[in-house]
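The structure appears below as structure tokens.
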Amino acid sequence: MSVLLADRWWAPVGGLALVGAMFFTMPMWMPALGFLSVEDGVTVTIYTMLALGMVLVLGYCGQLMLATNAVFGVGAYGLAILALHDGLNPWAGMAVSAAAAGAGAALIGIMVFRLTGHLLGLVTLAIGYIAFIVFETSSLTGGASGISVGPSLAIGSAVFSGGENSFFYLCAAAALISIVVARNLVVSRTGRALRAVEANEAAAGSAGVNATHYKVVAFVVGAVIASVAGSLYANYVGVVGASSFTILVTIEVLLMAVVGGLRSIWGVPFGVLAVVVFEAALQSYGPDLIHINSSYFTTIGFGVVLILVLLLLPGGLGSVGDRLARMVGSSRSDPDDANVGTSAARSVAASLAGPGEPSASGQPAVAVGLRKGASGHTRGRVDPDPQALLEAVAVTCHFEGLTALDGVSLELHAGEVVGLIGPNGAGKTTFFNCLSGHVQPSSGVVRLGGTDVTGLPPYRIARHGLARTFQNIELFPDMSVLENVMVGAHLCAHAGAVSAILRLPGHWHDERVLAERATHALQRVDMERHAPRAAGTLPYGQQRRVEIARALAAEPHVLLLDEPAAGLSASEAQELVELVRALASESLGIVMVEHNMRALMNVADRVTVLDSGRQLLTALPEEVRKDPVVIASYLGTSHLDISHARAPSAPGASPRSEDVSYVPQGDS
Amino acid sequence: MVFLREDRDEHTAHRSASGRALVWAPMMDWMPTFFATGIGQLPETLVSGIVNGCIYALAAVSLLVVYNVTGVINFAVGDFLMAGAMLTLLFAGPNGDPHRLPLALAVLLAVVIVTALGGLLELLVIHPRRRYGTIFLLILTIGISSVLEGGALIPTGSLTYGLRPFTSGPALSVAGVLIPRQDFWIVGSTLIVMGLLWYGATRTRIGKALRACEVNPTAARLVGIRVDRYWTIAFALGALLAAFAGAILVPVTYATYNMGIPITLKAFVAWILGGAESPLGAVAGGVGFGVLEAVVLGYSPASVANYGDAVPLLLLIVALVIRRRGLTRQMAVTRV
């Protein structure tokens, strides 16, 4: 992934040098081609700024926002109107317009980001269309005839009037700065949160990522850049008319972003350049081929190119660049060093790690006593904390008439492991979802550390110290293992978009802290070797461990594990049991859904049995094992084998033959 | 008729960034006669709204059919409608050219061609990437939209075209309300098409299979329905509905190559207003939106009505912010 590459020092420098060289040589080679001029260079730089916003919001955040023409227009008309009516200096006009565009984007974003992706696309396209009609109709914007722009941008005696080379260089500088801004944003805590939201909003939420916040951040940054582009454009054309801000601008920007690669900041200028050159060539040479108005070809040309790129090269030019960079990089750089501070963090974490206890596989997998939040709940405290870490009272959940949960209660104390069992459809995962906020309970109360968190969204519940894993492994597949776990540690740092963009000390500090935390969490599950790999490429069992590490990285008080042993080998399951025990000894409270009875009964202090949404009982493991009702509903008898864990327990020796010992004798 | 706002030539407008000459489409004085209606003309306003609403309803059902079966929002629905209108014009000849095909044959031919085009484009463009996410597929349909729009632009050259009504003659008076003859065609044929659609969906094998695909693709596959094939059928059916809407619409509005996107947006509004779930809802949403649009624009002061499409589209955003049930079905929550 480009993001891994971007973390090597030479990648951003090389990218910047390449794009800078491309930009600043344009006045030389463009006229030489015959069908291009420096004006096309201005188009490239301005559209680069527009397409960056698209890549930030669509590529990195997965949100289809099709209102580019609106913010572009705000920048252009803002500059013109402020100069005309208020006599404002054009630089000030640019700044005010950008602020207005940012504020408008935040407002609209908060309103519409509650919608899902493709609906969002149409809504924002409608916003863009409305903006065009307003530009075209309103008297403030000069209606159909447009509005003339006041004095040109100037620094001292240097005037950047449109059409001159100096103006082109101003645009190129602005585009380069925008690229750096976008790149810095993407390679940061904020950027990881963005990509996490894109990959899996539910999992990002349980890591404490407020999806709406980060979507709005990306949208605002994109809008500010697009607005500045609009102001430059206004300065360039002199007269701002509505026809420059049609929906087609948005679609063209979308095309440019797709050609450049939606996941590649560095690909953007090249995508824009490719489209501009294509369009100019079509207009210059089209008439020679077919004798009709050449401009008629651009629309169909755009459509064809858009489709072809999506079908043949979905990653755009950026993916080609990535591949090249990786080829160069593999000869230069140890893949283990590909991430910020990985090796440093590893040595720090290793020095902090306790002696460790050998796990079944002989790996020192367990380190004790490192939790930041452990001070209040250390093992040293003798009497059990009277305050339950997690308390669920009569949680009930209906789905359109179906009662998935009916009055389930649970109490979890520090250092305790509660097992949650029951047949498929018993409501175990729904119960977890109610606890973690992914599903709103219809009634009942959930308290974390005494605070009522019922019905709060997942990211807010995560702030109260709850972390979870998912039954179907919800990792962020395109992100590296380390990045996945760093997202898990999201709440351990505070650096925001501004410090990421400006690379303030806070950013570097937080990156270091997060990498340390993440590396430490990976060590606990014995996965630190795989830190640079893309999470989606790992085998199933390792993905489970990464997911557990991601939950641990949040340093939670309460950990919900949804079938953590599913798909693990016997020895891996044994390691898991030891890990869970070690975590409990550090005063975590753990609730665990598990079908592997052997693992569960080994580790659980108490077991709660659910059946059809009802709570059959909560008791010690031995009692549960012997309870006739539980046996009938779940554990089963030797002739009524419904337990997942016992599925392979055919007569005769098998690795799981111990499971048979959990079948009570002589019941039913 | 408040149907389309005549925009300036959009496809060349953006070129101004590189300093090329702007090509302005013939600016039609397009203040619809509708805006002139007085307060006393409520019945005419309502009829006009219902007629427009029928077109929105057909386009909304087209969106619905494609979405329910494939999960894709077909951004090109308005362009399929445009293609239907343009082909009808091509075959029938604008305004009574005697040398062309008879009207019924022209409509039939246009609808058949666009239907085939819809299926073909699905096979060529959507099919290879159908495992990708809905946003990816939506962007692909934006590409299809550009291809259709650009494909229409080359022969029509951004001019506007009109067609004679299906039956000529003065407007008919119903209970004192003057109703143009084409309005009867639009409302009547919409009813017939919806009836046929209902019959097809509930009584035929293909219809039942389509509905099976939309309710549960996995189960449909298990019982031997080739779900992939129904993606193609859904796109073709969607194109058919849109093309038919275009064919019956073209006598009451002007057709241009770029009429599609505003219609797509309005069909989308109708679909959302109708709850985004059932065809009946989409029809109700379409007619409701048509009437709402007509009344709002008809009775707004000129300073507001001048904003034309912007007014009803603003309603879209309001509707979406208020009414989110039915839209959030696929939110992350259900994935967990």
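Okay, here's what the table says:
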quantity: Any hit, region A:93-102, residues being away from chain B (no Cβ under 12 Å), buried (at least 21 other Cβ atoms within 10 Å of the Cβ), part of a helix (DSSP H, G or I) and within 21 Å of the chain's Cα centre (by Cα); calculated: no
quantity: Filter result (out of contact with any helix residue (DSSP H, G or I) (no Cβ under 6 Å at 6 or more places or on another chain), in a loop (DSSP other than H, G, I, E, B) and within 13 Å of chain A (Cβ to nearest Cβ)) within region B:228-276; calculated: B:Thr256, B:Ala276
quantity: Flag for A:Leu282 being modelled with pLDDT under 90, more than 29 Å from A:Ala80 (Cβ to Cβ), within 14 Å of chain B (Cβ to nearest Cβ) and within 27 Å of the chain's Cα centre (by Cα); calculated: no
quantity: Residues satisfying the stated conditions in region B:320-336, i.e. facing chain A (nearest Cβ under 10 Å), under 20 Å from A:Leu125 (Cα atoms) and either in a helix (DSSP H, G or I) or modelled with pLDDT of 70 or more (or both); calculated: B:Leu320, B:Val321
quantity: Test: residue in region B:277-290 that is touching a residue at least 40 places away in the same chain (Cβ under 8 Å) and within 30 Å of A:Ser139 (Cα to Cα); calculated: yes
quantity: Residues that are over 16 Å from A:Ala105 (Cβ atoms) and within 7 Å of chain B (Cβ to nearest Cβ), drawn from region A:122-133; calculated: A:Leu122, A:Tyr129, A:Ile133
quantity: Residues satisfying the stated conditions in region A:534-576, i.e. surrounded by 23 or more Cβ atoms within 10 Å (Cβ to Cβ) and β-branched (Val, Ile, Thr); calculated: A:Val546, A:Ile548, A:Val558
quantity: So A:Ile247, is it buried (at least 24 other Cβ atoms within 10 Å of the Cβ) and either more than 23 Å from A:Leu185 (Cβ to Cβ) or among the polar types (S, T, N, Q) (or both); calculated: yes
quantity: Conditions (1) closer than 30 Å to A:Gly150 by Cα; (2) touching a Gly at 6+ places or on another chain (Cβ under 7 Å); (3) modelled with pLDDT under 95; number of the one not met by A:Phe72; calculated: (3)
quantity: Boolean, B:Gly288 is assigned to a loop (DSSP other than H, G, I, E, B) and either touching a strand residue (DSSP E or B) at 6+ places or on another chain (Cβ under 7 Å) or surrounded by fewer than 22 Cβ atoms within 10 Å (Cβ to Cβ) (or both); calculated: no
quantity: Selected residue [at pLDDT 95 or above, in contact with a helix residue (DSSP H, G or I) (Cβ under 8 Å, 6 or more places away or on another chain) and within 12 Å of chain B (Cβ to nearest Cβ)] from A:Ala234, A:Ala229; calculated: A:Ala229
quantity: Residue match in region B:30-50 (condition: at pLDDT below 50 and within 13 Å of chain A (Cβ to nearest Cβ)); calculated: yes
quantity: Residue among A:Thr48, A:Thr43 that alone is among the polar types (S, T, N, Q), within 9 Å of another protein chain (Cβ to nearest Cβ), over 18 Å from A:Leu194 (Cα atoms) and more than 22 Å from the chain's Cα centre (by Cα); calculated: A:Thr43
quantity: Subset of region B:112-167 [within 14 Å of another protein chain (Cβ to nearest Cβ) and not in a helix (DSSP H, G or I)]; calculated: B:Arg130, B:Arg131, B:Tyr132, B:Gly133, B:Gly157, B:Ser158, B:Leu159
quantity: Qualifying positions in region A:172-200 - among the small types (Gly, Ala, Ser) and either outside any helix (DSSP H, G or I) or within 14 Å of another protein chain (Cβ to nearest Cβ) (or both); calculated: A:Ala175, A:Ser188, A:Ala196, A:Ala199
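So that you can scan it fast, the table gives a plain yes or no per residue for (1) surrounded by 19 or more Cβ atoms within 10 Å (Cβ to Cβ); (2) out of contact with any strand residue (DSSP E or B) (no Cβ under 9 Å at 6 or more places or on another chain); (3) modelled with pLDDT under 90:
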position	(1), (2), (3)
A:Leu410	yes, no, no
A:Ser436	yes, no, no
A:Arg447	no, no, no
A:Gly450	no, no, yes
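The values are calculated or read from the model by the stated rules, or taken from the named source; none is laboratory data. Worth saying up front: this structure is predicted, and the values here are computed from it rather than measured. So basically every Cβ, Gly included, is an ideal-geometry build from the backbone, and we count neighbours across all protein chains shown.
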